[in-house]
Every structure is written in structure tokens, then in C-alpha cells.
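What follows is a short report on a single structure.
Every number here is computed from the coordinates shown, using simple stated rules; none is lab data. What you are looking at is a predicted structure, and each value in this text was computed from that prediction instead of being measured. Positions of Cβ are backbone-derived with ideal geometry, glycine not excepted, and every protein chain shown enters the neighbour counts.
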Amino acid sequence: MIFRREFAAYFATPLAAVFLAVFVAVSAGMTFFVSSFFERAQADLSTFFTWQPWLFLVLMPAIGMRLWAEERRLGTIELLMTLPVSPWKFVFGKWLAAFAFAGLALVLTMPLWITVNVLGSPDNGVIFASYIGAWLMAGAFLAIASCISALTKNQVLAFIGAVIVGFLFVMAGFDLVLAAVRPWAPDVIVQAIDSMSFIGHFQRITDGVFEASALVFFISLIGFALWLNVQILDARKAA
Amino acid sequence: MPNAQALVETRALIKKFGPVTAVDGVSFRVDRGEVIGFLGPNGAGKSTTMKIIAGFLEPTSGDAFVAGHDSRRDPIAARRHLGYLPEGAPAYPDMTVADFLGFVAGMRGLTPRETSRRLAELVESIDLADVWNRRIEALSKGYKRRVGIAQALVHDPDVLILDEPTDGLDPNQKHEMRALIRALAPSKAIIVSTHILEEVEAICTRAIVIARGRKLADTTPAELLACAPPRDPSVPQLVKTTPLEDAFRHITLEQAGV
Ligand SMILES: Nc1ncnc2c1ncn2[C@@H]1O[C@H](COP(=O)(O)OP(=O)(O)O)[C@@H](O)[C@H]1O
Ligand SMILES: [Mg+2]
């Protein structure tokens, strides 16, 4: 129920179409031009997937920011939270709608996949795994955005917050960040930060090392963020 | 144990927002067939009390029961018996009236068949036929308020909590809303908040006056009238007031120490 209403809500305005168009156009643009796809003369989609974390960093918060902030702004959160339904169902249903929307965006980039198959013979297994990985990573970004969206009725704040937190997760694996932490933090912390890296986990998938641990990482992170989302909603009642 | 009779009961509700005590020890009970007028100046704590009964907010201390179910320990059961119109009648602007009410009915666990039967009744009793397939963002205030009432009535609850149901309506719409509430009254326990005093006389069996979070009076509209200080005929009335307004001002200003 809540899934259906939320998914439909994305299409209530032309914004959805604009969003999907932007996503596909930017994905294709990055792949072909910025990454000089043709000069590499290699028929695969690795350039496409390289850009996905950065693209998601901005676009997923844009999808997720409205999930709860909008309910608070409209006051409809009072309706939802006084229905005889566990908040878990709302949190999960809303996230699922956003996740499905992100899935749709990814599906729309599949002409790229077809193109590389026309141009050469890529490893389609790796590409398929990469798509699944990208979708799960999008899900993680969305769960974070949903969680932050529950903190405010201001969508812009929700967006900014989600980008900042997402940025931390994206940056976590970079040597730059690790080098900054290493001198003063114990090894465990450095490793913990490194293991939170979105790009690290995602790259393992796109490199073709189909690692279950990377999938488990994204799924656990989604689970944790949604759990936190429910806790935030509960805490706001007692505020 | 709460008395089985009372459909709504609050016990010493206190709600603090940081330093502000919005509700300060409010206790009352409402039985079936009663329409309670929840009266008080703006900021008195009416909405906050209603949100606590509806289970949207948790009290800092005290308890609220709906149909015998503790709104904190047994929220799902309490909510099944409750229809709630939040202040301002919020609804999803992008949905049509039909879709929105269907959505609420589905969330409340009505089967598709029950939903269509119930919605057909509500279209009649709340007069929504003209806007049935219109998007909520395109509705007038009066219709939006009616959609809010319909949403609260979808599951035919025992308890209705209506936060300022007539706010912003024109006199005809107010009249219709009051007629509707009166028609619903015998089978339910209803709490209606308002700062419009004539409303209390028009529809309520009992009036509870609160100001600054405290309950100041809990009585029939007729007895409330008796609280009005006697008029001194020698003092000219610059602003015409009704006896009920006098009573209200007397009660609420006295507490404020004016
Ligand atoms: N979420 C909130 N945070 C802080 N203060 C609040 C909040 N909601 C209400 N208040 C304060 O509580 C008091 C009572 O508000 P309310 O219950 O809305 O009054 P009423 O509905 O009688 O006009 C007011 O002083 C209001 O400013
Ligand atoms: Mg109010």
C-alpha cells in the first residue's frame, strides 16, 4: 500500500521524467566523453560504473529527501503515525518505493549495455553483477537519505545532510582520508573506516571479483539505516 | 483498570517541550454519546492533548486510554478505535479524493469490498460526490476539511478526535460540519477542539476549558454560561460580547491572573 502510493507520488510531477532523463544523460555523458570510452577501445562498462557512486551521491539524496520531510511539512505524518500500522512498514515501504525508482533509472541506462555488446564482447556476467551492485549501493544512499529526511521538515536540509553523510561513505576508502586518520587513530578504526567505503565495496563488484561480502555490506547498511529511521520517528514522538 | 464505560480517558497528562509545559496535568473521561467541546485560547494545549490521545506524541508523564487501550503500551489497538482529524486537515495534495480515502481505508485494513461500501456511504453523508476524482490540491478549504473528516471516519471508529474541524470555513460550511458532527454523536465519543464559543453551544454536550495547559472547567455549556460575571448595566459595552464569551474570558483570564 504505502509502496504503491509512494511510487506513484514520484510520477505525480514531471520532475520524475526530468530526473530520469538527467540520470541517463549524465551517465551516458560521463561514460562516453569524460572517460573517453572510445579511446580506451575496450568494450565494457567499467567507465560507466566508475562514475555511478559520484552520480548517486547527488541524485539519490534528491530522490530520498522528500520521503519523510515532505510528510512533516504537509502534516500528513500525523495521519500515518496514528494509523494502526507499525512504523516499520512505512519506513520500509517508502524506502522500497525510492529503491524501485532508482532501479527504473538504472534499467533506462541499459541501452549502454546493448551498445557495448554491439561494439564488442564484454563480460556480461560482470556487467550484470555491477548493475546489481550499483542498485544496492543506490539503496544504501537512499536509506541514509530517508533516515536524515526523518529529522527535518525541510527537504533542502534533508538533501544537504544526505549528501554530506553519503560523501563520508564515498570518501572513506580514499588514501587521502585514511592517511589523515592513520597517525592518530588505532588500526582498528582505520580498518573500520576503510571497510565503510562505498567505492571500495562497489569496485570489488565491478572488477568482477563477485564478492558476497560487498553485497552483505550494502544490505546490512540499508538494514541499519532503516532501523535508525524507525528509531528517529519514535524519538520524535517523545520530543 | 480504566472504567469499561469510558471510551477516552486521560490521567494527569503532562507534556513538556523543553522549558514549555504545553499540557499540565489534564485528566478527563469521555463516554459514548458525548460530544466534548475542547475550548481554550490559542496555545492553550488543545492540539497537544489531542495528539497525545491520538498517539502521535508521547506524554512526558500521565496516561491516555482509547477504548480501554493504553495509547503508549498498546498503540495499535488504541488506534483501531480512533479517527483523528489533525489541525489543518492534512492530506496528500497529489492524490485524488477517491485515491486518498481508498489509501487510508487500505492502511486501516479494510478489504476492497468493505472499502467501496464504506466510501459510497461517506460520499453520501459528507457530500463529496462533486470532487470525488479531483486532486486534493485543487480543493477549496471546505472540501479539504470534509475529506479530512471522511478520512477519520473510514473505519467507523468509536472515538473521533477533531482538531478545529470548522476553522477557516464559511458560515454555511460551518453549519454543515456541525450538523454532521451532531449526526455522528449518538454512536461515538467525540472530542472537538475550537476557539469558537458558539460552536460549543451548537454541538457539545460538555465543555472542557483549558488555558496554559491546565483544565479550568469541565461542565455543560449551560453551566459554563452561569460562570459569566454579572453585567453592570451602567458600564457601556464597547465591544458586544455574548454571555458565553464573558464566561470564557472570565475563566481564562482569571487563571492568567489578569
Ligand atoms: N512541537 C512543539 N515544539 C515546541 N513547542 C510546542 C510544540 N507544539 C506545541 N508547542 C507549544 O505548546 C503550547 C500549546 O500548543 P497547542 O497544543 O498547539 O495549543 P492549541 O492547540 O490550544 O492552540 C504552545 O505554547 C506551543 O507553542
Ligand atoms: Mg491547536
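Quick look at the values:
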item	result
Region A:1-138 - Rg and Dmax from Cα coordinates, angstrom	17.7, 59
For the protein assembly as shown, with +1 on Lys and Arg beta carbons and -1 on Asp and Glu, the positive-most of A:ILE127, A:LEU112, A:MET60 along the dipole	A:MET60
Over chain A: helical MRE at 222 nm, DSSP H runs n ≥ 4 each giving -39500 (n - 2.57), nearest 500	-25000 deg cm²/dmol
Debye log10 I(q)/I(0) at q = 0.06, 0.08, 0.12, 0.13 Å⁻¹ for the protein assembly as shown, Cα point scatterers	-0.38, -0.61, -1.06, -1.17
Two-decimal Rg/Rh across chain B, once Rg and the Kirkwood Rh are taken from alpha-carbon atoms	0.99
Protection proxy ranking of B:11-18, B:90-97 - average other beta-carbon atoms within 10 Å, highest first	B:90-97, B:11-18
Contact order normalised by residue count of chain B, Cα under 8 Å, 6+ apart, percent	25 percent
Candidate lysines - alpha carbon under 23 Å from A:LYS94, same-chain residues fewer than 8 apart omitted	A:LYS153, A:LYS237
Degrees, to the nearest 10: A:15-29 long Cα axis against longest axis of chain A	20 degrees
Stretch gain in nm, segment B:GLU121-B:LYS16, where the contour uses 0.36 nm per residue and the Cα spacing is subtracted	33.7 nm
Sequence of A:ARG72, B:ARG214, B:ARG73 once ranked by neighbouring C-beta atoms within 10 Å, starting from the fewest	B:ARG73, B:ARG214, A:ARG72
Flagged links, alpha-carbon separation over 19 Å, of B:LYS46/B:LYS215; B:LYS16/B:LYS215; B:LYS15/B:LYS215; B:LYS15/B:LYS46; B:LYS46/B:LYS144	B:LYS46/B:LYS144
For A:LYS237, B:LYS46, order by how many other beta-carbon atoms lie within 10 Å, fewest first	A:LYS237, B:LYS46
Student exercise, region B:93-156 dipole from Lys, Arg, Asp, Glu Cβ charges, in Debye to nearest 20	120 debye
Within the protein assembly as shown, percent of DSSP bridges classed antiparallel, to nearest 5	55 percent
Selection from A:PHE174, A:ILE232, A:ALA138, by position along the positive dipole direction of region A:2-238 (Cβ)	A:ILE232
For the protein assembly as shown, with +1 on Lys and Arg beta carbons and -1 on Asp and Glu, the positive-most of B:ALA150, A:PHE19, A:TRP184 along the dipole	B:ALA150
Lys, Arg +1 and Asp, Glu -1 on Cβ, resulting dipole of region A:2-238 about Cα centre, debye, nearest 20	860 debye
Length gained when the stretch A:TRP113-A:PHE128 is fully extended (0.36 nm per residue, less Cα-Cα span)	4.5 nm
